[in-house]
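Visitor: Handing you this structure, nothing more for now.
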Amino acid sequence: MSQWGRRRERRRPHRSPGSGRCAGDGQVAQSAHVEQILNDHPGTTAIIALNDVMAMGVLSTLRSRRVPVPARMSVVGFDDVSVAADLAPSLTTIRLPMTEMGRTALTLALKPRTTRPRRRPTGHLLVVRDSTGPAPRT
């Protein structure tokens, strides 16, 4: 058996604290994190997720807790997946030009290191939809 096979056998699923379920079950783990934010930081007015799928999970958890979006909490994702506009509320997101970014990455990878720029603008676009609004007044 290869060393990779042995490593796979030794790995155990990470368990979310108090959940009894594997953290690989993304919805359970994510819901627990949203719950923790709401409990530990009750004044929070916005959650920015790493991607639109995670933002959809945030919306789901907020809906189950009856937290009004965007009146009480704004939610933003990244990627602008095709269903983002069809959600209720529709998801505010950051659109990234992935094809262009891939082309640029390949072009830069083929250049000598000394000629590569350290930073490049992405050309991202904020797509404002119904999941964001003004912060509530306290």
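The values are calculated or read from the model by the stated rules, or taken from the named source; none is laboratory data. What you see is a predicted model, and the numbers here were worked out from it, not measured in a lab. Because the Cβ atoms are built from the backbone with ideal geometry, glycine has one as well, and the counts that use them run over all protein chains shown. Protein only, heavy atoms only, side chains kept; ligands, DNA and RNA dropped before computing areas. Shrake-Rupley method; radii C 1.70, N 1.55, O 1.52, S 1.80 Å.
Visitor: Which length gain, in nm to one decimal place, applies between VAL127 and LEU96 when the Cα-Cα distance is subtracted from 0.36 nm times their residue separation?
Guide: Values: separation 31, 0.36 × 31 = 11.16 nm, distance 1.04 nm.
Extra length available between VAL127 and LEU96 comes to 10.1 nm.
Visitor: Hey, another quick one. Assign unit charges at the C-beta atoms only (+1 for Lys and Arg, -1 for Asp and Glu), then state the dipole size of the stretch 26-138 relative to its Cα centre in Debye, rounded to the nearest 20.
Guide: 580 debye
Visitor: Also, quick follow-up: Add +1 for every Lys or Arg and -1 for every Asp or Glu among the other residues with Cβ under 14 Å from the Cβ of ALA71, and state the total.
Guide: Details: positive: ARG63, ARG65, ARG66, ARG72, ARG137; negative: ASP130.
That works out to +4.
Visitor: Another one. At GLU35 and ARG119, where each label point lies 7 Å from the Cα along Cα→Cβ, what is the point-to-point distance in nanometres?
Guide: Simple spin-label model gives 4.0 nm for this pair.
Visitor: Normalised by the residues of the stretch 17-138, what does the relative contact order come to in percent, with Cα pairs under 8 Å and at least six apart?
Guide: 25 percent
Visitor: Ranked by accessible surface with a 1.4 Å probe, highest first, in what order do MET73, MET98, MET54 come?
Guide: Accessible-area ranking of MET73, MET98, MET54, largest first: MET98, MET54, MET73.
Visitor: May I pose another question? With Cβ to Cβ distances under 15 Å as the rule, what net charge do the other residues near ALA85 carry (K, R +1; D, E -1)?
Guide: -3
Visitor: What does the charge count near THR107 come to, summing +1 for each Lys or Arg and -1 for each Asp or Glu among other residues with Cβ under 11 Å from its Cβ?
Guide: +3
Visitor: Here's something else I'd like to know. Please work out the average accessible area per residue across the stretch 22-138, using the 1.4 Å probe convention, and give it in Å².
Guide: 67 Å²
Visitor: If you don't mind, another one. Have a look at VAL128, MET98, LEU108 and report the one farthest towards the positive end of the charge dipole of the stretch 97-138, computed about the Cα centre with Cβ charges (Lys/Arg +1, Asp/Glu -1).
Guide: LEU108
Visitor: Further question on the same structure: Distance from the Cα centre of the stretch 119-138 to that of the stretch 55-83, in angstrom?
Guide: 13 Å
Visitor: So, one more: Relative contact order, percent, of the stretch 76-129 when contacts are C-alpha pairs under 8 Å separated by at least 6 residues?
Guide: 44 percent.
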